[in-house]
Amino acid sequence: MVVTVRRMETADKARWDAYVAAHNLGTFCHRAGWKAVIEKGAKQTCHYLLAEQGGVIVGILPLSVRRSFLFGKALVSTMFAVYGGPLVSNAGAAEALDNAAWEIAHLNDVGSLEYRTISAARENNADWHTEQDVAATFQKPLKQSEDEILLDIPRKQRAVVRKSLKNGLKCSWDKDINTFYALYAESVRNLGTPVFPKQLFSAFVEEFGEDVEVQVIYTPDGIAVASLMSFYYQDWVLPYYAGGVPDARKYGAHDFMYYQLMVHAAKKGKTGFDFGRSKSGSGPYKFKKNWGFNPTPLEYQTRLAPGAEKPDLNPANAKFEVMVKLWKKLPLPIANLIGPYIARHLG
């Protein structure tokens with residue numbers, strides 16, 4: 001039976017999400033709602049493709065088109081997501097979606113098609129290239145009581161968490177986007193990175209509702225020092241966007257924050273903790289290993305047109321070295337004003 005590919009319509013969202021939920025490789029990042037988040041929050045164009053066979057969904061592929069003078073053009077599955085790429089039921093669906101995606105790239109004059117797959121599904125050849133040892137994801141089962149969660153943390157990191165629990169910190173779960181964003185924006189400015197648009201985070205809350213958690217950590221004096229936006233999907237919790245001021249380290253606020261999230265998620269019945277993607281050898285990579293998470297190398301795949309180069313958006317890229325240094329020195333109001341126009345292409 002022939003496999004056909006078409007664009008997802010609004011009426012298809014429930015069927016799309018049901019397919020993702022039933023697929024063994026489905027993730028929160030594959031959900032249909034990401035289309036609205038990316039379009040509303042980052043003003044990017046999305047093409048969400050459905051593969052059908054006899055009226056039954058046999059594959060899905062979320063795609064976003066990035067057009068940027070600074071960072072180049074690319075077709076990505078999925079922008080702002082750590083995971084992506086097609087989910088399929090058979091080889092025919094995989095081929096049909098690949099061909100449809102490459103046709104969209106051609107029509108948009110884009111020479112790079114990126115699938116953010118956990119495990120590569122295509123062999124390296126003249127068309128497809130797989131990243132090796134560039135980044136990893138960190139996942140492990142989540143214990144179900146406060147004591148078990150604490151004891152599951154390696155000894156040295158556990159001591160840091162215990163110390164943070166004695167600092168009188170308070171944790172808020174009231175979806176305070178304004179406070180979250182202020183802390184996040186200052187944090188990424190200090191790293192030399194433009195901040196994503198505030199509308200992006202509001203769009204996540206609007207689209208996914210109770211599956212989004214916004215957490216703010218306060219000192220005993222009521223000063224907000226750290227924040228985190230997390231996602232819930234099936235049995236998993238995914239801490240995703242984190243920020244904080246320099247004083248957060250003095251209080252151990254981030255250690256306190258992640259422990260509180262683990263406890264909170266366990267009370268919600270979640271049994272897995274997905275610490276997300278980090279560049280190999282980076283500070284966040286080492287931080288997650290300190291918590292007892294073992295890295296799983298990510299195998300992102302890219303198809304390039306003849307003569308095209310894969311855009312490299314890594315802040316460590318020498319091309320951006322001067323920009324990073326200058327950005328760290330920008331007054332925060334200026335960084336927050338112009339940053340979103342740049343960062344909406346960085347997802």
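Where a number appears in this text, it was derived from the coordinates with a stated rule and is not lab data. Values in this document were obtained by computation on a predicted structure and should not be read as measured data. Here the Cβ is made from the backbone with ideal geometry for all residues, glycine too, and neighbour counts use every protein chain on show.
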For this session: Give me the percent of DSSP beta bridges within the chain that run antiparallel, rounded to the nearest 5.
Result: 90 percent
Exercise. How far is helix 177-190 tilted off the main Cα axis of the chain, in degrees rounded to 10, range 0 to 90?
Worked result: 90 degrees
For this session: Between Lys43 and Leu337, with labels modelled 7 Å along Cα→Cβ, what's the label distance in nm to one decimal, could you check?
Result: 1.7 nm
For this session: Please report how far the C-alpha centroid of the range 41-64 lies from that of the range 230-251, rounded to the nearest whole angstrom.
Result: 29 Å
Exercise. Relative to the present Cα-Cα distance, how much length would full extension add between Asn178 and Glu146 at 0.36 nm per residue of separation?
Worked result: 8.6 nm
For this session: Grab the beta carbon distance between Leu107 and Arg15, set R0 = 35 Å, and tell me the FRET efficiency rounded to 0.05.
Result: 0.85
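Restrict the search to the range 69-130; then list the GluC sites (Glu not before Pro) that DSSP places in a loop and that have at most 11 other Cβ atoms within 10 Å of their Cβ.
Taking the range 69-130 and a limit of 11 other Cβ atoms within 10 Å, the loop GluC sites (Glu not before Pro) found are Glu123.
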Seminar exercise, completed: Along the range 239-250, Karplus-curve 3J(HN,Hα) (6.51, -1.76, 1.60; θ = phi - 60°) to the nearest Hz, with x for Gly and Pro, reads x, 10, 10, 10, x, x, 8, x, 5, 4, 5, 4
Exercise. Among Asn24, Asn108, Asn190, which one moves the most in a GNM of the chain with springs linking Cα atoms closer than 10 Å?
Worked result: Asn24
Problem set entry | ³J(HN,Hα), Karplus 6.51/-1.76/1.60, whole Hz, each residue of the range 221-231, x for Gly, Pro | 8, x, 8, 6, 10, 8, 8, 7, 10, 10, 10
Exercise. Of Lys43/Lys279; Lys40/Lys175; Lys156/Lys329; Lys156/Lys286; Lys288/Lys329, which pairs sit farther than 25 Å apart, going by alpha carbon to alpha carbon?
Worked result: Lys43/Lys279; Lys156/Lys329; Lys288/Lys329
Exercise. Looking at the range 43-80, which chymotrypsin sites (Phe, Trp or Tyr not before Pro) are in a loop (DSSP not H, G, I, E or B) and have at most 12 other Cβ atoms within 10 Å?
Worked result: Phe69
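Using r as the Cβ-Cβ distance of Ile223 and Met1, and R0 as 56 Å, what FRET efficiency do you calculate, to the nearest 0.05? Kindly include the intermediate steps, with their values, before the conclusion.
Details: r = 62 Å, r/R0 = 1.11.
With a Förster radius of 56 Å, E is 0.35.
Taking every DSSP beta bridge that has both residues in the range 173-281, what percent is antiparallel when rounded to the nearest 5?
Numbers: 15 of 17 bridges.
Counting DSSP beta bridges with both partners in the range 173-281, the antiparallel share is about 90 percent.
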Seminar exercise, completed: Among [x] 66, 39, 38; [y] 63, 45, 36; [z] 74, 53, 36, the entry matching Cα extents along the principal axes in Å as calculated here is [y]
For this session: Show which aspartates and glutamates lie in cross-link reach of Lys267 when reach means a straight Cα distance below 15 angstrom and same-chain residues fewer than eight apart are skipped.
Result: Glu146, Asp147, Glu148, Glu210, Asp211, Glu213, Asp235
Exercise. Which number comes out as Rg/Rh for the range 137-297 once both Rg and the Kirkwood Rh are worked out on C-alpha atoms?
Worked result: 0.93
For this session: Output the Kirkwood hydrodynamic radius of the range 171-250, Cα pairs only, in Å rounded to one decimal.
Result: 12.9 Å
Problem set entry | FRET E, pair Asn290, Asn24, Förster distance 30 Å, beta-carbon r, rounded to 0.05 | 0.50
For this session: Could you work out which residue, out of Val88, Val214, Val134, moves most in a Gaussian network model of the chain, that is, has the largest mean-square fluctuation with Cα springs under 10 Å?
Result: Val134
